[in-house]
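S.K.: One structure coming up, written as structure tokens, with questions to follow.
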Amino acid sequence: MSESSFQDDVLGELGDDKLTEIAGLLGTDTAGAKETVAKTVGAMTGDLQQKAATDDADGAEVRQAFAEVAEPPLEGVATLGGLGGLGGLLSGGMMAGVLAKVSKPVANAVSKKTGIPAATISRVIEMLIPVVLAVLAKRASGKAPGAGTAASGAPGSGTAGAAPGTPGAAPGASPAPGGGLGDLLGQILGGGKK
């Protein structure tokens, strides 16, 4: 079986109940909901990759958020809140904040492409953020089906092996993306194909 896309992983993690709920919110069937979710997730990941490639404060924040997602959870933390292996993301984490920041521009962009009101897309994004966080965490740990090369490269190598447990100490976190964290970003998000 070929590597699944980030959008496919999000749809799989979303499940039928949430997809039906999103379909009701959008006033469409599950096929229409899947298409809107795929477009929305594609826009979110594309925006994240674009921001991560910049050398400004937003880019640094996105790169740091991905570094946080890529770090293994602390022992015992994964059981808090019943969210599985999300580790530091349980308390909202930096990535949740980054996703919230991109939600408005993404909602506007998806609204223009689909004709669905931006306010409705924003509500869909609110429902998707926890699911996107879960898929990011799974891909970063190499446990998601679409993790591909991240499964062999993330644990014990790259930024994780540089200074485990030390925030911001990974060599790829500060310089412009292109190695280290930039590669991890591509592995987690699946190359940014929309």
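S.K.: Across the range 26-40, in residue order, what do the Karplus-derived ³J(HN,Hα) couplings come to in whole Hz, using 6.51 cos²θ - 1.76 cosθ + 1.60 with θ = phi - 60° and x for Gly and Pro?
M.R.: Karplus-based 3J(HN,Hα) across the range 26-40 equals 7, x, 9, 8, 5, 5, x, 5, 4, 5, 5, 4, 4, 5, 5 Hz.
S.K.: OK, next. With the cut-off at 20 Å, tell me which of the pairs Lys112/Lys138; Lys34/Lys113; Lys39/Lys104; Lys34/Lys101; Lys34/Lys112; Lys39/Lys113 have Cα atoms farther apart than that.
M.R.: From Lys112/Lys138; Lys34/Lys113; Lys39/Lys104; Lys34/Lys101; Lys34/Lys112; Lys39/Lys113, over 20 Å: Lys112/Lys138; Lys34/Lys101.
S.K.: Ordered by packing density, taken as the mean number of other Cβ atoms within 10 Å over each peptide's residues, highest first, how do 38-50, 95-107 rank?
M.R.: For the peptides 38-50, 95-107, the packing ranking is 38-50, 95-107.
Throughout, read-outs are computed from the coordinates displayed, never taken from laboratory work. Values in this document were obtained by computation on a predicted structure and should not be read as measured data. So basically every Cβ, Gly included, is an ideal-geometry build from the backbone, and we count neighbours across all protein chains shown.
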